[in-house]
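Undergrad: First the structure, then my questions, so here it is.
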Amino acid sequence: MKSLSLAQFLTSAKEFKTIPFTSHFFADTLTPIQIFHQLEHDAVFLLESKDEQSPWSRFSFIGLAPKFYLIEKQNQFQFLNAKKEVLFSLSTFKEAFQEALSFLKVKEVELPIPFRGGAVGAITYDAIEVIEPVLSNGNSDENEKMSFVFCETILAYDHHKKELFLLHHVNITGDETKERLKEVYYEAINKVEKIIHKVSEANVSSKLYQPPLDEDVSFRNVRSNYEKEMFLEHVEKIKDYIRAGDVFQAVLSQRFEVDISVTGLELYRVLRMINPSPYLFYLKINEVEVVGSSPERLVQIQDGHVEIHPIAGTRKRGNSKEEDEALAIDLLQDEKERAEHYMLVDLARNDVGRVASFGSVKVPVLMEIGKFSHVMHMISKVTGNLDEAVHPIDALFSSFPAGTVSGAPKIRAMQILNELEPTKREYYAGAIAYLGFDGNIDSCIAIRTMVIRGNKAFVQAGAGIVADSVPEKEWEETRNKAKALIKAISVAEKMFAKEKKGAVNNV
C-alpha cells in the first residue's frame, strides 16, 4: 500500500504538519462491528446511520488511536497530546479549535466519504454553563463538559460497495531532517499495513444469537432519580411558570439507572438492531461509554448549508398496522402536539436565522411522521445558508441545546429545569458531533442514549410540558421514550451474559 510516494510525502512535509495516507480494499465478508471488535484495543468511536434518506447510512466510521484531545476543564479549553499533556489552553471552544487546526496544519485529502478526519466527541448539556455565562452558577467542577478526540486513523466502511477506506494521519513538527522524514514515512507505511493485516484477520463469527425481541419491557429492576409523585409535582410547577408567563414550554426529564453485566459495545449491537435511527454511535470517553440511537439532528453544516430537524409530538407505536396508522393520524390532529411542534419549529427557525444569510431560512418539511421502534414523532426540517461572516462552530452553538430538549424561551426554561431536576443532565440532551477538518459539521442530540459507568447504565428521557399538560401522561411519555433502551439492556443481558458464564451461545 503506497497511496503516497516518498517524494510526495517529502514535498507535503515542506508545507503541512499533518499528512494523510489512504488505502481502500474490498471487504464483503466483514461488518463494521467485526472490524471494531478486532481493533477494539485502539478503537474509540463507531458512528453509523440507519436512515435510508441520509448519505450517512451508506458509511460506518471507526476511529483508532487518539492522537490529540480537545476538552473543557474548569471553564478552559485544553488541547492535549496522546499522553494527555496540555499543549495549550484557551478561553473559548472556537478559539481552541481554530488554534488546533493551525497547530495540526492538515493537508486535505480527496476521498468519496463524508467525514475525512477531524474531531469527534460529545458536548454535555451542562456545557451551556460555559457557552451562556448567564446560566453558570459560578462554580466550576472537574467533569469535562466537552470532550473531543482527533484520531490517528479513520476507517470508513462503504455498505453499498462493501469497501473499506483507511485514512491514516501522520503528524510531524516541521523540524525533522530529511532522513528522519524518510523514517517517519516508512513507519507510517508499516503501521497502515499492520492495521490492514489485523482487519483481514477478523473472523466471520460462527456464533448465532436468537434475540428475545418479543418480550415486554419491564421497569421492575430500574431505578429513577424521581419518585413519581415528585415528578408529577414538578410538572405542575412548570405549568405554574407557564401561567405566570415565564415560559411557553419546558422539557422535564427523569434519569433511569440499571445494573448491567454486559459491555457498552454489546449494548450498542443490540440497540442498533432493535432501535435503528438516523444517528447511531458508540464512544469511549475516559472511563465512560456513550451509546446511542438518536432520531434527531442538532445541526448540520455542509458546504455552507445549515440544517436542523426539530422533533416534537409523540405517540407509542401500535400493535398492528391499522392501530399504528390510527395513532399517527391522532398525533397529526392533536392540537396540543401541533402547537408545541409549531413553537419548536419557530425556535429552530430563530436558531438558523441567527447564523444564516438574510432571506435564506426555509422550512421544506413540516410535521411529517417519523416512526421508530417504540414511538413515533412529528418531524420537520429547517434550512438556511450559512452567513459568510459566521464560523461553523458559532452555528453549532447557536442551536445548543436544542429547544426540543430544553424549552422556550430557552434560557428561562433551562433555569427552571436547573431548579427542578434532581441531578445534572451530563450527556443527556447534549450533543454527539464531528467537526471536520474541511469545516463541515454534523451533530445529533444525545437522546435515546445510554451512559455506561462500570456496571451501571444510565438512561434519561424527557417530556415537553405545556399549559394543558396532564402530569400522568407526561410521566408515561418519559417511560415510553426510554423503553427502547431499557429493552436493549434486557435483551443484551439475555444474549451475552450467559456466554460470559460459559453457557450456550444460542439464547
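Undergrad: Go through the range 235-300 and tell me which strands (runs of 3 or more DSSP E), entirely inside it, have 2 or more residues that are among the acidic types (Asp, Glu).
TA: Numbers: elements: 249-259, 279-285, 288-294.
Those strands (runs of 3 or more DSSP E) span 249-259.
Undergrad: With basic (Lys, Arg), touching a residue at least 12 places away in the same chain (Cβ under 8 Å) and in a helix (DSSP H, G or I) as the only criterion, which of 94, 84 stands out? If you could, list the steps in order and put the result at the bottom.
TA: Details: 84 fails: in a helix (DSSP H, G or I).
The match here is 94.
Undergrad: Sticking with this one: When the range 436-457 is examined, which residues are found to be of a type in the set (A, V, I, L, M, F, W, C), in contact with a helix residue (DSSP H, G or I) (Cβ under 8 Å, 6 or more places away or on another chain) and within 21 Å of residue 129 (Cα to Cα)? First the steps, then the outcome.
TA: Residues of the range 436-457 of a type in the set (A, V, I, L, M, F, W, C): 437, 441, 444-447, 450-452, 457.
Those left that are additionally in contact with a helix residue (DSSP H, G or I) (Cβ under 8 Å, 6 or more places away or on another chain): 437, 441, 445-447, 450, 452, 457.
Of everything in the range 436-457, those that are of a type in the set (A, V, I, L, M, F, W, C), in contact with a helix residue (DSSP H, G or I) (Cβ under 8 Å, 6 or more places away or on another chain) and within 21 Å of residue 129 (Cα to Cα) turn out to be 445, 446, 447.
Yes or no, residue by residue, for (1) farther than 26 Å from residue 332 by Cβ; (2) at pLDDT below 95; (3) touching a Ser or Thr at 6+ places or on another chain (Cβ under 9 Å):
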| site | (1), (2), (3) |
| --- | --- |
| 378 | no, yes, yes |
| 391 | yes, yes, no |
| 402 | no, yes, no |
| 416 | yes, no, no |
| 426 | yes, no, yes |
| 446 | yes, no, yes |
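Undergrad: Can you tell me how many residues in the range 1-40 are among the hydroxyl-bearing types (Ser, Thr, Tyr), assigned to a loop (DSSP other than H, G, I, E, B) and within 31 Å of the chain's Cα centre (by Cα)?
TA: Within the range 1-40, the subset among the hydroxyl-bearing types (Ser, Thr, Tyr) is 3, 5, 11-12, 18, 22-23, 29, 31.
Checking which are assigned to a loop (DSSP other than H, G, I, E, B) leaves us with 3, 5, 29, 31.
With the extra rule that they be within 31 Å of the chain's Cα centre (by Cα), the set shrinks to 29, 31.
Total meeting the criteria: 2.
Undergrad: Would you mind finding the one in 386, 417 that is more than 22 Å from residue 224 (Cα to Cα) and either β-branched (Val, Ile, Thr) or surrounded by 19 or more Cβ atoms within 10 Å (Cβ to Cβ) (or both)? Spell out the reasoning first.
TA: On the way: 417 fails: more than 22 Å from residue 224 (Cα to Cα).
Checking each option against the conditions leaves just 386.
Undergrad: Also, I was wondering about something else. Looking only at the range 42-81, filter to residues that are basic (Lys, Arg) and outside any strand (DSSP E or B); which one of those is modelled with the lowest pLDDT? Steps first, answer last, please.
TA: Taking the range 42-81 as the starting set, the residues that turn out to be basic (Lys, Arg) are 50, 58, 67, 73.
Those still in the list that are outside any strand (DSSP E or B) too: 50, 58.
Numbers: 50: 80, 58: 85.
Among residues in the range 42-81 that are basic (Lys, Arg) and outside any strand (DSSP E or B), the one modelled with the lowest pLDDT is 50.
Undergrad: hydroxyl-bearing (Ser, Thr, Tyr) and surrounded by 21 or more Cβ atoms within 10 Å (Cβ to Cβ): does that describe residue 91? It would help to see each step written out before you state the result.
TA: Values: hydroxyl-bearing (Ser, Thr, Tyr): yes; surrounded by 21 or more Cβ atoms within 10 Å (Cβ to Cβ): no.
So residue 91 fails the test.
Undergrad: Here is a follow-up. Could you run through the range 388-435 and say how many residues are assigned to a loop (DSSP other than H, G, I, E, B), polar (S, T, N, Q) and within 19 Å of residue 349 (Cα to Cα)?
TA: Step one: filter the range 388-435 for residues assigned to a loop (DSSP other than H, G, I, E, B), giving 388-391, 399-402, 406, 409, 421-430.
Restricting the remaining residues to those that are polar (S, T, N, Q) gives 399, 406, 423.
Restricting the remaining residues to those that are within 19 Å of residue 349 (Cα to Cα) gives 399, 406.
Qualifying residue count for the region: 2.
Undergrad: Can you tell me which condition residue 129 does not meet? The list is (1) touching a residue at least 24 places away in the same chain (Cβ under 8 Å); (2) buried (at least 22 other Cβ atoms within 10 Å of the Cβ), and all the others hold.
TA: (1)
Undergrad: Can you say whether residue 284 is within 18 Å of residue 482 (Cα to Cα) and either at pLDDT 90 or above or in the same structural domain as residue 476 (by TED's automatic domain parsing) (or both), as far as the supplied structure shows?
TA: Values: within 18 Å of residue 482 (Cα to Cα): no; either at pLDDT 90 or above or in the same structural domain as residue 476 (by TED's automatic domain parsing) (or both): yes.
No.
Undergrad: From the list 135, 167, 155, 181, which residue is at pLDDT 95 or above, among the hydrophobic types (A, V, I, L, M, F, W, C) and farther than 30 Å from residue 59 by Cα?
TA: Values: 135 fails: at pLDDT 95 or above; 167 fails: farther than 30 Å from residue 59 by Cα; 155 fails: farther than 30 Å from residue 59 by Cα.
After applying the criteria, what remains is 181.
The values are calculated or read from the model by the stated rules, or taken from the named source; none is laboratory data. Just so you know, these numbers come straight off a predicted model, no measurement behind them. Using ideal geometry, Cβ is built from the backbone for each residue, glycine included, and neighbour counts are taken over all protein chains shown.
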